[in-house]
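Colleague: Right, I'll just put the structure down here and ask away after.
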Amino acid sequence: MARLLFLFLLFLQTTVVAQSNKPRVLLISIDGLPDYLLDRYLDQGILPPNGAFATIRKKGAYAQTVYPINVASTGPSHISIFTGASPAQTGIVGNSFRHIEQGWNTPSLSAFRQPIAAETIFQAAMRQGKKVMALGGVGIDNSSVSRMTDYFLKYPEKTGPSIFIDLKPGDSGFLVKEAFYKKMEPVNAQPIPILQLSGQLQVPLYFYLTDSAHNEANILRPLKQLIVDTDTDPSNGHAAALVPDTWTTLQYHTKDKMYSTSLRILQHDERNNFYRVFINAPAELVLYPESFQQQLQQSCGCWPGEPENLKQTAGLVSEATWLEQVDQLALYFRNCILAGMQAADWDLLFGYFSTLDDVQHRYTLTNPRQLDYYAENGKRKQRYASIVEKYVQLIDRYLMEIMQAAPPGTNILLFSDHGMIPIHSTLLLSNYLEKQNFYVSRGELKAISSGNSAHIYLNREKIPEAQRNLYLEQLTRQLKALTDSVTGQPIFELVANQQEQQQYGLYHPAYSGDLFVSCKSGYSLSDRLLPEVPYLVNNTFDLNLLADANQATREFLLKGTMNETGRGVHGNLAKLREGQSIFYAIGPAIPATELSPISALQIAPSIARILGIQPPMQAKEKSIW
């Protein structure tokens, strides 16, 4: 009996040792973190010596810089990092692009939904018997077998708009479990508020004002609460309970789908019982398998939604509220990674933080030519710099917490997909083309931009083959002739035909434009055709700085996307310093060293080497080690 017990304990010990010794890789993307910025924060002591990045610098490996792909935007960059293959191989040649056979007036294709023409490190690992978890990975969306992992959280996509609801007391009320519920109604006799969860699914919302005295924790100082329900009977439970100055989440389940959003009281006047409620844009949640979904949600709660950029620009959401949304989302990503590490047995786990990308798009203010640079009596640039610093410090702290909680023997690899370039001007490329007699409005050609780069496609039906070469030559000449009014230098760093695109790893026969253009630092691109807007616009989100601009220009800036009219933008060529990214790594398989500059395409082969597997099939670069 004693011998059997001894053998059983020996078996358990051997199993535990084997589990702790197996190679694991925790791969985390810190979207948009520039290498130059991280270097500065470490060198100047803005990041603590016991934080994640400083610790890895002392005990692990880090690259002097990382050269991203030559259209360094979130979609194509992540896909190339995951595959070890250039856009020429993956077919993901921008955040948005076209297929040469698609109808001229059909919508552009998206890097976030388009099939990938190369194997990812996730597929390669699963093919070779490894367990893979992806929490918010680009290209992991459950749309096909090749876009799934053993465990995953699809990055939630918005399915409906955010809304504001103004409420006042109604005429009725009733008791629910000894608490009085006062019915709240929309002001100005508006109809019942509707939460649009998708194009087909609209959910009515009912509001009741009560207090939390029946909660023993609040008995001495009852807090007024807004109860939110999706039916007219709160006695059977409610969807959410709101108190001032606090966010809460709301989930809605159908037979086969799950949606999530977050809510906050933005304004309240207790004397008059007036409340303004903000509900963030809802999103569909997709997790797999169901048991993993339950574990993850119990540990990290519901998806809170993304920061509302357009509403902050329009002044409908305050800066403080927007930053609260950033905080919520960063905490959610942190909690997902911590929960994911404990929820299942895995060999490769991918986690994601969008935080620094979100913040830098709005708060990158380092170029004296930016309109905001001298705003607030010159104090805005310092204030914005402190906001960016705060969030780099936050991510550094969260990463340290993750490193400390990682299972023994975990190799942790941190990377960013691109940097962030300070922008003083947006070039409306379609407007410029029209001015030079290349008519987007007549369907001759079309530009599709990704930050400060764009593909330009010719319409084969409008431009006959016999005229095409001459048309391209004239178009190229006009693009190269566009110069900066201050420096006199060309605005475009690169204007490349399809043959020239091959040297940059950008030419794919089905998806690349007839021309590819990429701007110098300081410029972003918009592909919108807006005849009443000048083709060059000094960009800002503060319309008070644009007193002389016409209404069309103001509307353009109000509705601009973050990678179009943001104060910081990406999508650059690899050589542009501000657009270069980071690579930091620590773990038992990682030699402690400072690495020479590396290519982003080396990351997937390096993961494969640590896991002891073959790299993705289209990866051509060597492992870092």
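The values are calculated or read from the model by the stated rules, or taken from the named source; none is laboratory data. Since this is a predicted model, take the numbers as computed values, not measurements. Backbone-built Cβ (ideal geometry, glycine too); neighbour counts: all protein chains shown. Note: areas computed on protein heavy atoms with side chains; ligands, DNA, RNA excluded. Shrake-Rupley method; radii C 1.70, N 1.55, O 1.52, S 1.80 Å.
Colleague: For the stretch 73-215, what is the accessible area per residue in Å², given a 1.4 Å probe and the full set of protein chains?
Modeller: Details: 6020 Å² over 143 residues.
With the other protein chains kept in place, the stretch 73-215 gives 42 Å² per residue.
Colleague: Okay, moving on. Each label point is 7 Å from the Cα along the Cα-to-Cβ direction; what then is the distance between the points at W625 and F164, in nm?
Modeller: 5.4
Colleague: So, one more: I'd like to compare 510-516, 455-461, 70-76, 141-147: which one has the highest average count of other Cβ atoms within 10 Å, and what's the full order after that? Mind dumping the intermediate values first?
Modeller: Numbers: 510-516: 22.0, 455-461: 17.9, 70-76: 28.0, 141-147: 13.6.
Those peptides, ordered most packed to least, come out 70-76, 510-516, 455-461, 141-147.
Colleague: Given (i) 92, 72, 45; (ii) 86, 64, 46; (iii) 81, 81, 49, which label gives Cα extents along the principal axes in Å as computed from the coordinates?
Modeller: Given (i) 92, 72, 45; (ii) 86, 64, 46; (iii) 81, 81, 49, the calculated one carries the label (iii).
Colleague: About its Cα centre, what dipole magnitude does the chain give when the only charges are +1 on Lys and Arg Cβ and -1 on Asp and Glu Cβ, stated in debye to the nearest 20? The partial results should precede the final answer.
Modeller: Values: 54 positive and 57 negative charges, 225 e Å.
Dipole about the Cα centre, nearest 20: 1080 debye.
Colleague: Can you work out the Karplus-derived ³J(HN,Hα) for every residue in the stretch 148-165? Use 6.51 cos²θ - 1.76 cosθ + 1.60 with θ = phi - 60°, whole Hz, and x for glycine or proline.
Modeller: Listing the rounded values in order: 10, 10, 4, 9, 7, 10, 5, 4, x, 9, 4, 10, x, x, 6, 9, 10, 10 Hz.
Colleague: A follow-up question, please. Roughly how many whole Å is it from the C-alpha centroid of the stretch 42-81 to that of the stretch 390-469?
Modeller: Computed from Cα coordinates, the inter-centre distance equals 20 Å.
Colleague: Ok, one more. Considering the options S108, Y208, T593, tell which one lies farthest towards the positive end of the dipole of the chain, charges being +1 on Lys and Arg and -1 on Asp and Glu at the Cβ, about the Cα centre.
Modeller: Of the candidates, T593 comes out farthest on the positive side.
Colleague: Separate question: Report the relative contact order of the stretch 485-576, percent, no decimals, based on alpha-carbon pairs under 8 angstrom and at least 6 residues apart.
Modeller: Working: 76 pairs, mean separation 23.2, N = 92.
Dividing the mean separation by the residue count of the stretch 485-576 yields 25 percent.
Colleague: Next up: Considering only Cα-Cα distances, which of the following residue pairs are longer than 31 Å: K59/K381; K158/K462; K390/K575? All intermediate terms of the calculation are to be shown ahead of the outcome.
Modeller: Details: K59/K381 34 Å; K158/K462 36 Å; K390/K575 28 Å.
Distance filter (> 31 Å) returns K59/K381; K158/K462.
Colleague: On to the next question. Estimate the FRET efficiency between R369 and E270 by the formula 1/(1 + (r/R0)^6), using the beta-carbon distance for r and 60 Å for R0, to the nearest 0.05.
Modeller: Numbers: r = 47 Å, r/R0 = 0.79.
After rounding, the FRET efficiency stands at 0.80.
Colleague: Mean separation of Cα pairs under 8 Å and 6+ residues apart, divided by the residue count of the stretch 414-495: what relative contact order is that in percent? Could you put the intermediate results ahead of the total?
Modeller: Details: 52 pairs, mean separation 11.8, N = 82.
Relative contact order, the stretch 414-495: 14 percent.
Colleague: Also, quick follow-up: Apply 1/(1 + (r/R0)^6) to the Cβ-Cβ distance of A314 and S144, taking R0 = 41 Å, and write down the FRET efficiency to the nearest 0.05.
Modeller: Values: r = 38 Å, r/R0 = 0.92.
According to the calculation, E is roughly 0.60.
Colleague: I would also like to ask the following. Quick check: at a probe of 1.4 Å, how many percent of the accessible area of the chain sits on carbon and sulfur atoms? Intermediate values should be presented prior to the final figure.
Modeller: On the way: 13280 of 26590 Å².
Carbon with sulfur: 50 percent of the solvent-accessible area.
Colleague: Too long at a 20 Å Cα-Cα cut-off: which of K183/K224; K131/K154; K224/K311; K58/K130? Before the final figure, lay out the partial values.
Modeller: On the way: K183/K224 13 Å; K131/K154 17 Å; K224/K311 27 Å; K58/K130 30 Å.
Where the Cα-Cα span goes over 20 Å, the pairs concerned are K224/K311; K58/K130.
Colleague: Please give, to one decimal in nm, the separation of the simple spin-label points placed at Q200 and V486, each 7 Å out from Cα toward the Cβ.
Modeller: Placing both labels 7 Å beyond Cα along the Cβ direction yields 5.2 nm.
Colleague: Can you tell me how the stretch 229-371 classifies by the Cα gyration tensor, rounded, prolate or oblate, using a/c under 1.5 as the rounded cut?
Modeller: Numbers: a/c = 2.41, a/b = 1.07, b/c = 2.26.
Note, shape of the stretch 229-371 comes out oblate.
Colleague: Quick check: pseudo-label points 7 Å beyond the Cα along Cα→Cβ at N437 and Q64, how many nm apart are they?
Modeller: For N437 paired with Q64, the spin-label model returns 5.0 nm.
Colleague: With a/c under 1.5 counting as rounded, go ahead and sort the stretch 327-477 into rounded, prolate or oblate using the C-alpha gyration tensor (a ≥ b ≥ c being the square roots of the eigenvalues; past the cut-off, prolate if a/b is larger than b/c, else oblate).
Modeller: Cα axes put the stretch 327-477 in the oblate bin.
Colleague: Hey, can you rank 550-556, 447-453 by average C-beta count inside 10 Å, highest first? Working shown, then result.
Modeller: Numbers: 550-556: 14.7, 447-453: 27.9.
Peptide ranking by packing, descending: 447-453, 550-556.
Colleague: In addition: Mind ranking 372-378, 579-585 by how tightly packed they are, going by the mean number of other C-beta atoms within 10 angstrom, highest first? List each step's numbers first, then the result.
Modeller: On the way: 372-378: 13.9, 579-585: 26.1.
Ranked by mean Cβ neighbours within 10 Å, highest first: 579-585, 372-378.
Colleague: Quote the FRET efficiency, to the nearest 0.05, computed for N377 versus D548 with a Förster distance R0 of 30 Å and r equal to the Cβ-Cβ distance.
Modeller: Using R0 = 30 Å, I get an efficiency of 0.90.
Colleague: With the other protein chains left in place, how much accessible area per residue, in square angstrom, belongs to the stretch 335-479 at a 1.4 angstrom probe?
Modeller: On the way: 5100 Å² over 145 residues.
That works out to 35 Å² per residue.
Colleague: Kindly identify the stretch 514-625 as rounded, prolate or oblate by the Cα gyration tensor criterion: order the square roots of the eigenvalues as a ≥ b ≥ c, call it rounded if a/c is under 1.5, otherwise compare a/b with b/c, prolate if a/b is larger, else oblate.
Modeller: Taking the square roots of the gyration eigenvalues as a ≥ b ≥ c, the stretch 514-625 is prolate.
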